[in-house]
Amino acid sequence: MAAVVAIALACAPTGALAQQPAPPAAPPQAGTTDDAVAQASAHFARGVKLYEEDDFRAAVIEFNRAYELAPNWAVLYDLGQAHYQLREYPSALRSLEKYLEQGGDGIAADRRAQVEREIGELRGRVARVTAVSNVEGADVALDDAPLGKTPVREPVVVGEGRHRLTISKAGYVATTRLMDIAGGDQVTIRLDLTPETPVPVLVRESPSYTPAIVSGAVGVAGIAVGTVFGVLAVSDKSSLSSECSAAKICPATARGDIDGLSRNGAVSTVGFGVGVAGLVLGGYFFFHERARDDSRGTQRQAGTHIAPWVGPGAGGVGGTF
């Protein structure tokens, strides 16, 4: 008997469809226009032909369109058979159960018995899966088909076999699990989400060269002052050379030039000293800030050192890189 039932279940769709070249006589729902019925008839007839050609996917599309245009419970039988041929057992089960529910007493006794046997077979090929998670409002997908958001209140009917369950939500790491489901299983799958670790954003501070600029400006001003007063000191010395003897004996009238030479020479020396010091410090501040800026972006070589130096009559910046 088991073999007979299996053979009947496998062969029933082709035979049944072969006996239904036109839409069944069940009346469409009230409010359906004649034009919609005509279009539904054309889609149904096309679905029958595609089914006979073993193009079950296209047949499902045509049967669905016929039912959408003019809902007719008899079409659900053919739709369930096409889903069965595609091994889409949950869809086949829903279509045939809906067929018995809507058809009621309009279904012949032998057809009802046949469909009940098919439903019994299909119930052994589906399972019910409940997905739970620690986060509400997460998207649940089974084999990339969306099922809704957590918490999912009702179990999802799936066909036996291997399935991929995914739960995801913005701000959390998506979780996926592959599972092997046997017919008749009733399982609860828990997939907890963990918050994403925020990626630290490194804000690079802009280098500040203000101390270098100020020190450099003081240095330039010092050099300028030293130069001006140096020129004056040279002029005073030239005047004294013409007024004084070779033995450096000067008349009383040369006293002003002597004081001017002394004063201008001192100011020039101080000016050059301040200028050199300012330039040295400006260079130090500049290279020091440059080194700090480089160290913020990339690791500098170990042992980097910069320092100014001032000696008798000279100065500069030294370091190791």
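Every number in this text was worked out from the coordinates using simple rules, so none of it is lab data. This one's a predicted model, so the numbers in the text were calculated from it and none came from an experiment. Every residue, glycine among them, receives a Cβ derived from its backbone with ideal geometry; neighbour counts consider all protein chains shown.
Between Y172 and residues 5 or more places away or on another chain, which pairs have amide H atoms under 5 Å apart, with H built 1.01 Å from N, and which residues are they?
Here E196 satisfy the definition.
Of the peptides 266-272, 152-158, how do they stack up when ordered by the mean number of other Cβ atoms within 10 Å, highest first?
Working: 266-272: 16.4, 152-158: 14.6.
Top of the packing list down: 266-272, 152-158.
For D139, what charge total do you get from the other residues with a beta carbon under 11 Å from its beta carbon, if Lys and Arg give +1 and Asp and Glu give -1?
Local net charge: +2.
Using θ = phi - 60° and the Karplus relation 6.51 cos²θ - 1.76 cosθ + 1.60, list the HN-Hα couplings for the range 172-182 in order, rounded to whole Hz, with x at every Gly or Pro.
10, 7, 4, 10, 10, 9, 8, 9, 9, 10, 9
Work out, in µm²/s and without decimals, the Stokes-Einstein translational diffusion coefficient of the range 126-195 at 10 °C, 1.306 mPa s, Rh from Kirkwood over C-alpha pairs.
Details: Rh = 12.0 Å.
Value of D from the Cα-based Kirkwood radius: 133 µm²/s.
Given a cut-off of under 8 Å on Cα pairs at least six residues apart, what relative contact order in percent is computed for the range 92-181?
Relative contact order, the range 92-181: 22 percent.
What residues qualify as long-range amide H neighbours of V132, i.e. H under 5 Å apart, gap of 5 or more or another chain, H built at 1.01 Å from N?
Amide H neighbours of V132, under 5 Å, 5+ apart: I189, R190, L191.
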